[in-house]
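The structure that follows is given in the form of structure tokens.
The values are calculated or read from the model by the stated rules, or taken from the named source; none is laboratory data. This is a predicted model, so every value here is computed, not measured. Neighbour counts are summed over all protein chains in view; Cβ atoms, including those assigned to glycine, are modelled from backbone coordinates with ideal geometry. Side chains included, ligands, DNA and RNA excluded: accessible areas come from the protein's heavy atoms. Shrake-Rupley method; radii C 1.70, N 1.55, O 1.52, S 1.80 Å.
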Amino acid sequence: MARPKAFDRDAALAAATKTFATYGYEGTSTALLVKSMGIGRQSLYDTFGDKHALYLEALQHYCFDSVGQLAATLQSAGSPLAGIEAALLGFAARIQDDTMCLGVGSICEFGRRDREVATIGKSSAASLQNIFAATIQRGKDLGEIPTEIDPKDAARFINATFIGLKVMARGGATRDDLRATAQMALRCLA
């Protein structure tokens, strides 16, 4: 009979996610994962499979949580444009300079070479596009966003802005630089 797990699986996955986000897939060794997750090597393999399987699970979990958090931010604001503003400016204010977005990191590191990574990224991007497009359409319906703005085009632009902010932060941009970039994107919707 197998022994029960002596660690919190969710906490270990969160630690692995942060490690992959900080060092990338290639820069993350199994030894670094074991140390950051606070588990033994055999527990890692028994629970998560190999490094690639763990990365896929971490990426999937990260993307799901990120999309959910963004949707909640957009919905909790007083209006669609205020939701987009809260999402962009909130992100610019809280970004951690030492950690890359795992989703953006996976695109930069893998591109479309790894079919499973690409599938997760494509699914997450489609969800974000749909959420942004629906929010922008609501803004148009309420008269907050000009009628000539195409929701799908604007959604791609806002998504690209988020990606750009994440890469800028990783490159050392200040919070003020990030905030100014976010504000410029918001002016494009007004």
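Being of a type in the set (Gly, Ala, Ser) and either open to solvent by 40 Å² or more (accessible area, probe 1.4 Å) or closer than 21 Å to residue 126 by Cα (or both) is the requirement here; does residue 16 meet it?
no
Scan region 19-40 for residues that are farther than 17 Å from residue 116 by Cβ, surrounded by fewer than 12 Cβ atoms within 10 Å (Cβ to Cβ) and not small (Gly, Ala, Ser) and jot them down.
none
I'm checking my understanding of the structure. Among residues of region 65-82 that are closer than 26 Å to residue 17 by Cβ and in contact (Cβ under 8 Å) with a residue 24 or more places away in the chain, which one is least open to solvent (accessible area, probe 1.4 Å)?
So the first thing to find is which residues in region 65-82 are closer than 26 Å to residue 17 by Cβ, and the list is 65-76.
Adding the requirement that they be in contact (Cβ under 8 Å) with a residue 24 or more places away in the chain leaves 66-67, 70-71, 74.
Working: 66: 40, 67: 24, 70: 23, 71: 28, 74: 4 Å².
Once the filter is applied, the top-ranked residue is 74.
Being among the hydrophobic types (A, V, I, L, M, F, W, C) and either farther than 16 Å from residue 74 by Cα or open to solvent by less than 70 Å² (accessible area, probe 1.4 Å) (or both) is the filter here; which residues of region 138-147 pass it?
Applying the first criterion (among the hydrophobic types (A, V, I, L, M, F, W, C)) to region 138-147 yields 142, 145.
Passing the criteria: only 145.
Go through 179, 170 for me and flag whichever is modelled with pLDDT under 95, over 15 Å from residue 88 (Cα atoms) and surrounded by 13 or more Cβ atoms within 10 Å (Cβ to Cβ). Walk me through how you get there before you give the answer.
Working: 179 fails: over 15 Å from residue 88 (Cα atoms).
Testing whether each residue is modelled with pLDDT under 95, over 15 Å from residue 88 (Cα atoms) and surrounded by 13 or more Cβ atoms within 10 Å (Cβ to Cβ) leaves just 170.
Here's something else I'd like to know. Could you tell me which residue of region 148-167 is farthest from residue 109 (Cα to Cα), considering only residues that are surrounded by fewer than 16 Cβ atoms within 10 Å (Cβ to Cβ) and modelled with pLDDT of 95 or more?
148
Shifting gears a bit: Which one of these is of a type in the set (A, V, I, L, M) and open to solvent by 30 Å² or more (accessible area, probe 1.4 Å): 53, 92, 58? So that I can check it myself, show each step before the final result.
Numbers: 92 fails: open to solvent by 30 Å² or more (accessible area, probe 1.4 Å); 58 fails: open to solvent by 30 Å² or more (accessible area, probe 1.4 Å).
Going through 53, 92, 58 in turn, just one is of a type in the set (A, V, I, L, M) and open to solvent by 30 Å² or more (accessible area, probe 1.4 Å): 53.
Starting from region 43-60, take each residue that is of a type in the set (Lys, Arg) and list its partners that are at pLDDT 95 or above and not in a helix (DSSP H, G or I), counting only C-beta distances under 9 angstrom and pairs at least six apart or across chains.
Short answer, once both residue conditions are applied: 51/25; 51/28; 51/29.
Going by what's in this entry, would residue 85 be described as closer than 30 Å to residue 186 by Cα and either assigned to a loop (DSSP other than H, G, I, E, B) or open to solvent by 30 Å² or more (accessible area, probe 1.4 Å) (or both)? Before you say what the answer is, go through the steps one by one.
Values: closer than 30 Å to residue 186 by Cα: yes; either assigned to a loop (DSSP other than H, G, I, E, B) or open to solvent by 30 Å² or more (accessible area, probe 1.4 Å) (or both): yes.
Yes: the conditions hold for residue 85.
When you check residue 78 against the structure, is it of a type outside the set (Phe, Trp, Tyr) and not in a helix (DSSP H, G or I), yes or no? Show your work before the answer.
Details: of a type outside the set (Phe, Trp, Tyr): yes; not in a helix (DSSP H, G or I): yes.
So residue 78 fits the description; yes.
Can you confirm whether residue 133 is surrounded by fewer than 18 Cβ atoms within 10 Å (Cβ to Cβ) and closer than 16 Å to residue 185 by Cα? Let's see the steps before the verdict.
On the way: surrounded by fewer than 18 Cβ atoms within 10 Å (Cβ to Cβ): no; closer than 16 Å to residue 185 by Cα: yes.
Answer is no for this residue.
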